[in-house]
Amino acid sequence: MNVLDVDQPIESALIDQLSPSSSADDDEFPPSPYHQFLESSLQRAGFSVDFPILLDRDVRVAMGYRGSPFLRNVKMRYYYNTDTELLEGMVKFPTDCEGPIGAVHGGCLAAALDNVLGYQSLRSVGLGCVTLNLNVNYRAFTPLGACVRFETKRDRVEGRKVYCSARFRSLDGETVHVEATALFYKTSERMLGYDDAKKLFGSQSNMTKQQFLNYLEERRKRRSKTAGSAAVASGKPRMKPKL
């Protein structure tokens, strides 16, 4: 998550579009294998479960976001196995993801893969990971409106680099629709790890929404003051970021 230190007002029309990603209801997914996940040792996971405050409209505005969450119409359900460290779940693509006639667009599949792989990197090394590389191999068309299963695993960690892989397959497991490998990079060692983030402002925290908004405002002021002091020391005027 990036926090921009900008003072420009955000147009109300954009603010109105800022809404949490759609959380899938139980009836969005077929009874099987949905209930197989519920009856297993897998834990429900995902941003809506672990960090719901980050999906709040006011919080997103305070963090600097200016648009709607990407893939907000794609239904995703995450489950994490703490023993094997595998991330599994299901994805349902809406009709506005059409590419080839009757099939999901390849770009939408790649974006969904990046999403689940990104969450795997979050569980591995914490906040602040960005995608450096994403390799996608398309094996079979994904029917439009279909619900597919996914499996994601962390292959290895080298310093701040996280190597992950994932695949989407049919519910019966017979068809592999798409596979991917990815490289993520943790931009700063100062960014919180997954467990620490959950305790500070995640599902294990007692922090209220207003307290978190105050925290973001204080951080913005500190960063603004630090940037201003650095500009004075260098003799160069502080430049506002271009939007």
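The values are calculated or read from the model by the stated rules, or taken from the named source; none is laboratory data. This structure is a prediction, so every number in the text was calculated from the model and none was measured. Quick reminder, even Gly has a Cβ in these numbers, built from the backbone with ideal geometry, and neighbours come from all protein chains shown. Ligands, DNA and RNA are stripped out before the accessible areas are found, and what is left, the full protein with its side chains, is counted by its heavy atoms. Shrake-Rupley method; radii C 1.70, N 1.55, O 1.52, S 1.80 Å.
Below, the figures for the structure above:
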| quantity | calculated |
| --- | --- |
| Test result for Tyr119, in contact with a Gly (Cβ under 7 Å, 6 or more places away or on another chain), part of a strand (DSSP E or B) and crowded, with 18+ Cβ neighbours inside 10 Å | no |
| Any hit, region 204-220, residues being touching a Gly at 6+ places or on another chain (Cβ under 8 Å) and of a type in the set (Val, Ile, Thr) | no |
| Residue satisfying condition, being modelled with pLDDT under 85 and either within 30 Å of Lys225 (Cβ to Cβ) or open to solvent by 70 Å² or more (accessible area, probe 1.4 Å) (or both), within set Ser41, Ser68, Ser21 | Ser41 |
| Test: residue in region 162-179 that is closer than 30 Å to Pro30 by Cα, open to solvent by 70 Å² or more (accessible area, probe 1.4 Å) and of a type outside the set (Lys, Arg) | yes |
